[in-house]
């Protein structure tokens, strides 16, 4: 559901930017209030892991389409809805800025569609009630699949609404819905199974890490080095090697657009000045557009048949590792600054009640307990 700028009008894009920015600010405030700074290491490695997983497109049999994990529900279950949303927003921002995956004007839409519905709707209102306080394997699986499907269905329908409200693409509402919802239903089932597998693994590896049913009163746990290491290795493995085997079929959104217009992409006949400006910004910030080096991207069409005999793609590996490192570094840096800000703004300790300055005297008298518990020795300290 990474929307390109060609789907979105400036009015819709700016509106969704404002909405996503407001939600991001609210989530940052909630994370600060709940003192979840101890989650920063887990936020970093999970962000890297989800970034790498989003590169692993899987084929949906019988459709000619593919899908990939969104990861919002995984983040919400392991980090909580607010921290999960912040990590998802960071992932989508890095993808748009450094890899030109999703437009900058559409970034607010993508954050809302992939982060809000999974983290702040599907998790608290679907997953938590179904999973309960002490869920077993069956309840975790049921809750994960149901929440993943509903979250993706809401996100897919939101894509249709945003595109229709923009009114700049030839995508009829009814036909677009008929294609978007069924294909993301299939993707939701796979995402639910993957979410359940990861949550079940955590429930056995470190049960205390799972968020309590009462999020507001439950303690925030710290991930063990074993869990952090496993997710870090998994991120590198997915980004550096497993990404070679990603499906070449168009994803659910591209497949739906092609089913309506005959083309996987939507280009504007007369792009607005804002479209052109943001396209220029993205061209200057993208170090690996479409997860390939710029020089290789220019020659991809001519050399596609030559490289088709080998599945090993060093550029894909580089993009997967580089993106994972950027995400982890960004989260760690934000957490470091966040922690310093909390320390700097913390209220000062109240003055010691045993210190006083007598009237008419420039000496400050400080009391220290004497050897006997019922007496106090006052020692003058001259200023």
> Just checking, which of 143, 186 is modelled with pLDDT of 95 or more, within 16 Å of residue 256 (Cα to Cα) and more than 18 Å from the chain's Cα centre (by Cα)?
Replying inline: 186
> Of all residues in segment 249-278 being touching a strand residue (DSSP E or B) at 6+ places or on another chain (Cβ under 8 Å) and not in a helix (DSSP H, G or I), which is nearest to residue 325 (Cα to Cα)?
Replying inline: 251
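Out of everything in segment 166-177 that is without any contact (Cβ under 8 Å) to a residue 40 or more places away in the chain and more than 28 Å from the chain's Cα centre (by Cα), what residue ends up being farthest from residue 114 (Cα to Cα)?
Applying the first criterion (without any contact (Cβ under 8 Å) to a residue 40 or more places away in the chain) to segment 166-177 yields 173-174, 177.
If we keep only those that are more than 28 Å from the chain's Cα centre (by Cα) too, we end up with 173-174.
Numbers: 173: 20, 174: 22 Å.
If we take residues in segment 166-177 being without any contact (Cβ under 8 Å) to a residue 40 or more places away in the chain and more than 28 Å from the chain's Cα centre (by Cα), then 174 is farthest from residue 114 (Cα to Cα).
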>> Only one of 89, 22, 83 is more than 20 Å from residue 143 (Cβ to Cβ) and free of Cβ contacts under 8 Å to residues at least 60 places away in the same chain. Can you tell me which?
In response: 22
> If a residue has to be surrounded by 13 or more Cβ atoms within 10 Å (Cβ to Cβ) and either under 11 Å from residue 32 (Cβ atoms) or at pLDDT below 85 (or both) to count, how many in segment 330-345 make the cut?
Replying inline: 3
>> So residue 157 ticks every box in (1) modelled with pLDDT under 95; (2) touching a helix residue (DSSP H, G or I) at 6+ places or on another chain (Cβ under 9 Å); (3) surrounded by fewer than 19 Cβ atoms within 10 Å (Cβ to Cβ) but one. Which box is left unticked?
In response: (1)
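So which of 63, 59 ends up being over 22 Å from residue 123 (Cβ atoms), out of contact with any helix residue (DSSP H, G or I) (no Cβ under 8 Å at 6 or more places or on another chain) and assigned by TED's automatic domain parsing to the domain that holds residue 238?
Details: 63 fails: out of contact with any helix residue (DSSP H, G or I) (no Cβ under 8 Å at 6 or more places or on another chain).
After ruling out the rest, the residue left standing is 59.
The values are calculated or read from the model by the stated rules, or taken from the named source; none is laboratory data. Predicted model only: the values in this text are computed from it and were never measured. Virtual Cβ from ideal backbone geometry, glycine too; neighbours counted across all protein chains shown.
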